[in-house]
Every structure is written in structure tokens, then in C-alpha cells.
Amino acid sequence: MSSSTNAALGTFLDFRTTSSTDKKKSEVTLKCGHCQEDTCVLVPREEYHVITVGLAVGIFANGAIADTLINGVEGFARKKFYSWDDAVNFFTVALNSGAVQVKNAGGN
């Protein structure tokens with residue numbers, strides 16, 4: 001069991017993260033150290049944007065940056081993942097198959 005203290009929220013015991021039915025969020029359960037009540041909250045999961053055809057290619061954690069790297073690129077390829085391992089596997093397969101291309105805006 002782990003515990004943490006936050007001046008605004010009090011003392012919490014048994015901080016657990018479990019899978020959620022929502023791919024975009026993780027369920028976090030906090031047990032209050034004062035009243036022993038469980039509180040479940042959904043927190044956003046990290047997103048990984050894989051660009052295999054764009055102004056730059058790779059895995060990006062910021063969607064706005066990923067947007068700028070495909071803006072104006074004809075035939076761009078981008079896919080979002082909620083797991084780093086899945087993003088790396090996808091990019092590796094694309095790279096090994098020759099599907100990764102750096103292009104200029106307008107298609108060249």
C-alpha cells in the first residue's frame with residue numbers, strides 16, 4: 001500500500017490505477033486516509049501520435065505539434081495510440097516496410 005499527501009486534498013492511502021472501458025482514460029482509485037472512503041476518478045491517458053508520412057516522421061506526444069507536421073502534406077499518414085509500446089511497434093513496422101516518408105507541403 002502506498003500513501004501520499006496533498007495539502008489541498010488530505011492524506012490518501014492505496015492509490016491504484018486500473019483499466020477503464022474508456023480507451024482515453026485510466027481509472028484511479030483513491031482511499032481517503034481520514035474517512036477510508038474510496039473515490040474513483042477518470043484521468044486522461046497519454047496520447048502518442050505516430051506520423052509515418054509528413055514534414056517530419058516519428059512519435060509525438062503533442063497533438064498540436066503532430067497537426068503542424070501533416071498540415072498541407074498530400075497523402076499524410078498519422079495514427080493515435082494510448083500506449084507507447086503500441087506506437088513504437090506501429091512505427092517500427094512502417095519503417096521496416098518502407099512506408100515512412102518525409103514530404104514537403106504540397107506532396108513532394
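The values are calculated or read from the model by the stated rules, or taken from the named source; none is laboratory data. Since this is a predicted model, take the numbers as computed values, not measurements. Here Cβ is always computed from backbone atoms with ideal geometry, including for glycine, and neighbour counts include all displayed protein chains. Surface areas here come from the heavy atoms of the whole protein model, side chains and all, with no ligands, DNA or RNA. Shrake-Rupley method; radii C 1.70, N 1.55, O 1.52, S 1.80 Å.
Laid out as a table, the results:
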| item | result |
| --- | --- |
| Residues located in region 58-102, provided they are open to solvent by less than 40 Å² (accessible area, probe 1.4 Å) and out of contact with any helix residue (DSSP H, G or I) (no Cβ under 6 Å at 6 or more places or on another chain) | Gly58, Gly63, Ala66, Leu69, Ile70, Val73, Ala77, Ser83, Ala87, Phe91, Ala94 |
| Candidates Leu42, Leu13, filtered to the one that is at pLDDT 50 or above, part of a strand (DSSP E or B), in contact with a strand residue (DSSP E or B) (Cβ under 9 Å, 6 or more places away or on another chain) and surrounded by 11 or more Cβ atoms within 10 Å (Cβ to Cβ) | Leu42 |
| Cβ-Cβ under 8 Å pairs, at least 6 apart or on other chains, region 89-108 side among the aliphatic types (A, V, I, L, M), far side assigned to a helix (DSSP H, G or I) and surrounded by 14 or more Cβ atoms within 10 Å (Cβ to Cβ) | Val100/Phe91; Val100/Ala94 |
| Flag for Thr5 being at pLDDT below 75 and either surrounded by fewer than 12 Cβ atoms within 10 Å (Cβ to Cβ) or in contact with a Leu (Cβ under 9 Å, 6 or more places away or on another chain) (or both) | yes |
